[in-house]
Structures are given as C-alpha cells and as structure tokens.
Amino acid sequence: MNRKIKDPGWRWNPTDREEKALTQHICMSVFKARRVIDQIRGRSYEETLFILELMPYRASYPILKLVYSAAANASHNMDLNKADLFISKAEANRSTIVKKSRPQARGRSYPIKRPTCHITIVLKEKPK
C-alpha cells in the first residue's frame, strides 16, 4: 500500500512574526461583517483602532474587540510592539444558521433564520 500524505498547506515558520485571533458564532450576517473588515485590511494597528471606534456599524464592536485581542496575543506571546503591527489578514466566513420559529396567525409558525459568522484577524510585524 503506497499512500500519499497530504500537504497541510502551511507550515509554521519562526521568521513569520504574526499572531492571530479568532471568534466564532457571532450573530451577524457575513456580508455586514465583511463591509467593516474590507475597510481595515492592510492598515496599521493604531489606524485600525481609530477607524473602528468611529464607524457607525454594529459589526465594528466585535471586530474592535478581536483586534485588541490579537494585539494582546502578539505583545504577550511574541513580545511584539503594538505600534509596529499591521493587519495582514482579515476575513469573515459564514457559519451555521440558528433557526427559531415565531408564532403566527391561525396557529402557524414562521421560521426565523439568524445567520452567524466566524471572524479571523491576523496581525503581523511591519518589515524594517
């Protein structure tokens, strides 16, 4: 039996100075989360905080908490300076749909579908 072993796609490289934070099952549409994430991708950490605090969207608060968490991970785990960080990867992926039912007229029920999403933020050190 000669089986091929699949390549996992990425390998940990100690020269990559990056840290990530992930949140799952956030009750919001992935399209609304992506609207905010597209604005912060590739920006510095401090500029991202400034943008997210002034955005009028409901999706900006969980993303702001996630950026704070990723920066805390980077400073604690890898001793990186927060001023040298930028967002190298930010993505929002679709998750499960929470299904509930609401009573309607004549004893019927109406389905309510609450979409959820997973959000991932990766902070990387700026090249010097």
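Taken together, the values in this text are just the output of simple stated rules run on the coordinates, not laboratory data. What you are looking at is a predicted structure, and each value in this text was computed from that prediction instead of being measured. Counting neighbours? That spans all protein chains shown, and the Cβs are built from the backbone with ideal geometry, glycine included.
The set of residues from the stretch 73-87 being of a type in the set (G, A, S), surrounded by fewer than 17 Cβ atoms within 10 Å (Cβ to Cβ) and touching a Lys or Arg at 6+ places or on another chain (Cβ under 8 Å) comprises just one member, S75. Against the condition without any contact (Cβ under 8 Å) to a residue 60 or more places away in the chain and under 14 Å from I121 (Cα atoms), how does T48 come out, does it pass? Taking the combined requirement at face value, the residue satisfies it.
In the stretch 84-127, of all residues being outside any strand (DSSP E or B) and either in contact with a Ser or Thr (Cβ under 8 Å, 6 or more places away or on another chain) or touching a residue at least 24 places away in the same chain (Cβ under 8 Å) (or both), the one that is nearest to R58 (Cα to Cα) corresponds to D84. The condition (being in a loop (DSSP other than H, G, I, E, B), free of Cβ contacts under 8 Å to residues at least 40 places away in the same chain, aromatic (F, W, Y) and closer than 27 Å to I112 by Cβ) is satisfied by just one residue among Y57, Y61: Y57.
If the condition is being surrounded by 13 or more Cβ atoms within 10 Å (Cβ to Cβ) and more than 14 Å from the chain's Cα centre (by Cα), then the stretch 48-72 contributes L49, I51, M55, Y57, A72.
Identify all residues within the stretch 81-128 that are small (G, A, S) and more than 20 Å from I37 (Cβ to Cβ); write none if there are none. Full working, then the answer.
To start, the set of residues in the stretch 81-128 that are small (G, A, S) comprises 83, 88, 90, 92, 95, 101, 105, 107, 109.
Residues satisfying the conditions are A83, S101, A105, G107, S109.
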